[in-house]
Structures are given as structure tokens and as C-alpha cells.
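Just below is one structure, and these are the notes that go with it.
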Amino acid sequence: MTEVWFYHLERATLERVLPGLLEKTLERGWRALIVAGSEERADMIDSFLWTYRDESFLPHGRTGQLQAPDQPVLIGTDVSVQNGANLIFFVDGARPSDWQAPDVQERDRCIFIFDGNLDAAVAAAREDWTGAKEAGHEVTYWQQAANGKWEKRA
């Protein structure tokens, strides 16, 4: 069973939150796939992971590249796992087409990061929450507190 975690952004942007979550992923020795809602957003994520902090580096690549299987973090627009990822991050409205698909079922965790300021994103997250629960996944909801830290709410 895959753990499915929902991160509700209210006080920070994806660009501020995603690098820290990826750093924690790599510290655990895990690999990640980031599934973006469009090629343009995948390009933007690729760019900001190179420059988000002067003193830090997050090794990553794009799906479909020759070196994709060797990358600890991959960025793309679909859930075909090319690097043996333990985690899939769904961002910018990306979502699995089937909660029973092997690319979802065989991961340790799926993480949905959604913008709580957008009604459509909140509605989609609620739908995905229901879909994940109905498929038998363990579902957890995280919300940002006023101090910026994540609090488990459900």
C-alpha cells in the first residue's frame, strides 16, 4: 500500500517548498519523480532546482533523457518511473489516471502539493483524496501553520 500525502500550500509557493522536500527525500537515500501539470512547468521546475539556493545543489534530470535512470530526481509530465523512484511528487494539477496503476502502487509514497488559494486545486485535491482512499491507500493531509512549518491535520 502506498502512502499518499497531501501538502496544502497557503503561505509559500511550490518553488519555496519543493526543494526542501526533495532534500529530505535524498537524505533518506530515496529517489523521486516530479510529475508536473505541463511541459512549461516541468521546464520551470528544472530551472529553479539549479538555482534555488547558491550554496546547494539538487542533482536532477528530465524524463526521456539518456541519463534518466541514473538521476536521483527526475522531472516530467507523466508517471512512467524511469529512475526507480520511491516517491512521486504530483504538482501543478498533475494526478494519476489510475490509483491502481503499478507506477502508483509500487511507490513508497505519493505526494500531492496543491495551491490552497485556487478553488480548482482544492477541489481536485479533495477528489484525489477520495480516489486514493477508495483504492486502499493510507492518506495523510498536511497544512502549513502560521510559522511556516507543516502540521499533520488528518
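Read-outs: derived from the displayed coordinates by stated rules, not from any lab. What you see is a predicted model, and the numbers here were worked out from it, not measured in a lab. Cβ sites come from the backbone with ideal geometry, for glycine too, and all protein chains shown count toward neighbours.
Some notes on this structure:
- Identity of the residue in region 107-131, touching a residue at least 24 places away in the same chain (Cβ under 8 Å) and part of a loop (DSSP other than H, G, I, E, B), that ends up surrounded by the fewest Cβ atoms within 10 Å (Cβ to Cβ): N117
- Within region 91-103, residues that are aromatic (F, W, Y) reach partners that are part of a loop (DSSP other than H, G, I, E, B) with beta carbons closer than 7 Å, at six or more positions or on different chains, in the pairs W99/A135; W99/H137.
- Taking region 9-57 as the range and being closer than 26 Å to N117 by Cβ, in contact with a helix residue (DSSP H, G or I) (Cβ under 8 Å, 6 or more places away or on another chain) and in a loop (DSSP other than H, G, I, E, B) as the test, the residues that pass are A36, Y52, R53.
- Candidates A32, A101 - the one that is crowded, with 17+ Cβ neighbours inside 10 Å and of a type in the set (G, A, S): A32
- Check on T51, hydroxyl-bearing (S, T, Y), within 20 Å of P19 (Cβ to Cβ) and either touching a Lys or Arg at 6+ places or on another chain (Cβ under 7 Å) or surrounded by 17 or more Cβ atoms within 10 Å (Cβ to Cβ) (or both): no
- Number of the exception - A154 against (1) buried (at least 16 other Cβ atoms within 10 Å of the Cβ); (2) in contact with a strand residue (DSSP E or B) (Cβ under 6 Å, 6 or more places away or on another chain): (1)
- Residues in region 132-154 that are in a loop (DSSP other than H, G, I, E, B) and among the hydrophobic types (A, V, I, L, M, F, W, C) were compared, and the one that is farthest from M1 (Cα to Cα) is A146.
- Any hit, region 56-74, residues being buried (at least 21 other Cβ atoms within 10 Å of the Cβ) and closer than 23 Å to M1 by Cα: yes
- Residue in region 73-92 that is acidic (D, E), closer than 21 Å to V139 by Cα and in a loop (DSSP other than H, G, I, E, B) present: yes
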